[in-house]
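The values are calculated or read from the model by the stated rules, or taken from the named source; none is laboratory data. Note that the structure is a prediction, hence the values are computed from the model and not measured. With ideal geometry, Cβ positions are generated from the backbone for all residues, glycine too; neighbour counts draw on all protein chains shown.
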Amino acid sequence: MMNTVAWILQGVLAAFFIMPGIGKITGSREKHISDGHIKPDGNLLLIRILGVLELLGCLGIIVPWLTGIAPILTPITAVGYSVIMIAGIVNHTIKKEFKMLPMLATVLAVASIVAYYRFASKCR
């Protein structure tokens, strides 16, 4: 039962991060400035790196556990997503963008649940 729930949550996490990851990689400087990701003189490279990490996370949250090859990478990816969500919560709080917080907190909870259950099942 919990394995099925964990798989569903892993799929939700992968789906959640795929579009923003692609957008961060392919978006123009002007788009990132208008979206508030960077200031006009900001470094676009950091946004691109975050996009690559988000897309790698889409693979890391599914593929290792599915294939059995280095399955420890799946809960580590979930922890990484949790860290990204904590950083997002801090960033949006500083910017006073409070309407983003419930979504970020929900994704943080989902990632934390996946990390907990996948680490717990590796320890058995």
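Assorted remarks:
- Positions within the range 59-76 being crowded, with 19+ Cβ neighbours inside 10 Å and under 25 Å from T26 (Cα atoms), in sequence order: G60, I61
- Subset of the range 12-71 [among the β-branched types (V, I, T) and in a loop (DSSP other than H, G, I, E, B)]: I38, I61, I62, I69
Rundown of residues vs (1) modelled with pLDDT of 95 or more; (2) of a type in the set (S, T, N, Q), yes/no style:
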position	(1), (2)
R29	no, no
S34	no, yes
N43	no, yes
I62	yes, no
S82	yes, yes
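- Scanning the range 92-105 for residues that are of a type outside the set (D, E, K, R) and either loosely packed, with under 13 Cβ neighbours inside 10 Å or in a loop (DSSP other than H, G, I, E, B) (or both) gives I94, F98, P102.
- Among the candidates T4, T26, residue that is of a type in the set (V, I, T), within 24 Å of K122 (Cα to Cα) and more than 15 Å from the chain's Cα centre (by Cα): T4
- Scanning the range 77-84 turns up no residue that is surrounded by 14 or more Cβ atoms within 10 Å (Cβ to Cβ), aliphatic (A, V, I, L, M) and over 12 Å from the mean Cα position of the chain (by Cα).
- Across the range 106-124, the qualifying residues are those that are among the basic types (K, R) and in contact (Cβ under 8 Å) with a residue 40 or more places away in the chain, and the one among them that is surrounded by the fewest Cβ atoms within 10 Å (Cβ to Cβ) is K122.
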